[in-house]
Structure formats: structure tokens, C-alpha cells
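Report on the following structure.
The values are calculated or read from the model by the stated rules, or taken from the named source; none is laboratory data. All values reported here derive from a predicted model rather than from experimental measurement. Neighbour counts run over all protein chains shown; Cβ positions are idealised from the backbone, glycine included.
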DNA sequence: GTATAGTGCAACCGTTGAGTTGCGCATGCT
DNA sequence: AGCATGCGCAACTCAACGGTTGCACTATAC
């Protein structure tokens, strides 16, 4: 599983997945909960969740017969770090963000 | 072209395109210049450039027989804004970034 | 004028991705 | 025990993506 930043961006590219991330918030959510709020099947949601998990954006926690997914923020920070280091040199606002993130990642 | 944030993330998902963005830096680059540095054909580079342009990440400038592409930072800032507003509530580092970006975008 | 470097289609191929349906397994409730 | 709920796997369709080859067009250089 090389290219973690790419995996993060690919995961964020899909509207359903972004919606899911917004929906699960801090308390997390289950596949069927998300499927209730989205215009797609529970199985489709499950596949999206598995991709989000592969990208490390989300972590499952099984409790009883439920599997609750919660966000893992680290890859998101890495993604921001990449954008900042890629565009920070000639864009002031991004450059200022770089002071807070302080990463040295290159693709 | 609805879903601009999604288009940005999709554009950033490909390693070749990220590499191209890093390579063109502030002064920009042409298709053949980039093709010289990448293990793919010039036509492949051209297709990537056209996708980057569709996502608004890059703007072409024709001068003579050259077409020089330069980065447009606004979509990158929007992408960072989305990440921050999605994950800022329960992650401190992202939350601090939010103070600088200050966007209200939701997907 | 002729050659050449740079660009822009267009067609084609293999792979991946999003979504569906259908079925089976496990957990919890009564 | 029996039923319902939630999850997981597998097969399939359809469209989009990354990459290639081939050809035509334009502008500079000689």
C-alpha cells in the first residue's frame, strides 16, 4: 500500500465518501445508518467504508452486531501538508498554513 | 462542472499529476518539458494537463508554439478548507488550521 | 521553401471504480 | 426455538481512467 497521500486524495474524490465523512462526525456511524441518509444501497456504503478504511481515513469498532466507523484524522493532516508544501512557495495563504503543519513531505 | 472540491481531489489523486504540479512550480512548464521528466508519453502528459485545467488547478498560456501551464492556487485552498471543516471539530491541529482558512464549505 | 520542434485531436486497450442484486452468517430480542 | 436486524461476500453491469499509437496542424529555424 504505497502512496498514502494518493490514497487519501482518491478517497476524498468521491462525493458519497465525503458525505459519509461529514455525516459520521466525531461519534462515528454504522453502514446501515449511513445508508439511510444516502441515495445508495447499504452494500455500496460498505464498499465505500472499506475503501476509507484502506486509506486509513476511518477505523472500524465492532460492538455486538454493530460495526461503528470513526474518523482517523492523521491522513487528513498529511494531505493538507502535501498541498501546503506543493503550493506554499507561490501562494501566501497556503504558505501561512505551512507554518502550522510543518511537514516536509514530497510526492 | 459541479462539485469543484471533488474535481480537485480527483486531480490530486494521481501520482503523475501530483508530480507534475510539483515540477511546474511557480514558473510553470510545458507538456514536453514535463514528459521529459516523467516515465510516460507526452500525450499522456497532455491529457493529465487537460484534466488539471478542467479542475481549475492549472491555467494554460500560449506563447508562440509553446503552451506553458501554471498553477492556480484557489482550488487548493478550497480543498484545504473542506478538509478543515470536515475534520476540524474533533482534531486540534486541523481546527487551528481552520482559523487561517475560515471557509464554511460543506460537501 | 523545407525541415523540425511543439501542440492537438482521435481511436483503441486494459484496469479500476461505483453501483446493483442475491445470498449466507452472526447477533440480539421475545 | 424462531424471527428480525445488521454485516459480509460474490458476481455482474456500466462508465471512467491511464496509457498507448498514429496522424494532422502551427510556428520557428535554416
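Name the single residue, out of those in region A:5-23 being within 12 Å of DNA strand D (Cβ to nearest atom) and touching a residue at least 12 places away in the same chain (Cβ under 8 Å), that is farthest from the other protein chains (Cβ to nearest Cβ).
Step one: of region A:5-23, the residues within 12 Å of DNA strand D (Cβ to nearest atom) are A:6, A:9-10, A:13-14.
Okay, now just the ones that are also touching a residue at least 12 places away in the same chain (Cβ under 8 Å), so A:6, A:9-10, A:14.
Details: A:6: 5, A:9: 4, A:10: 4, A:14: 7 Å.
The selected residue is A:14.
Could you look through region B:46-63, keep only residues that are surrounded by 14 or more Cβ atoms within 10 Å (Cβ to Cβ) and either within 13 Å of chain A (Cβ to nearest Cβ) or more than 9 Å from DNA strand C (Cβ to nearest atom) (or both), and pick out the one that is nearest to the chain's Cα centre (by Cα)?
Taking the candidates together, the pick is B:57.
Regarding residue A:43, is this residue without any contact (Cβ under 8 Å) to a residue 40 or more places away in the chain, more than 14 Å from chain B (Cβ to nearest Cβ) and closer than 30 Å to residue B:15 by Cα?
yes
Which residue out of B:52, B:23, B:12 is modelled with pLDDT under 95 and either in a helix (DSSP H, G or I) or out of contact with any helix residue (DSSP H, G or I) (no Cβ under 8 Å at 6 or more places or on another chain) (or both)?
Exactly one of B:52, B:23, B:12 is modelled with pLDDT under 95 and either in a helix (DSSP H, G or I) or out of contact with any helix residue (DSSP H, G or I) (no Cβ under 8 Å at 6 or more places or on another chain) (or both), namely B:23.
Whether any residue in region B:27-41 is modelled with pLDDT under 90, surrounded by fewer than 17 Cβ atoms within 10 Å (Cβ to Cβ), more than 13 Å from DNA strand C (Cβ to nearest atom) and closer than 20 Å to residue A:87 by Cβ is what I want to check.
Yes, region B:27-41 has at least one match.
Taking only region B:64-85 into account, find how many residues are more than 17 Å from the chain's Cα centre (by Cα) and part of a strand (DSSP E or B).
Summing the residues that are more than 17 Å from the chain's Cα centre (by Cα) and part of a strand (DSSP E or B) in region B:64-85 gives 2.
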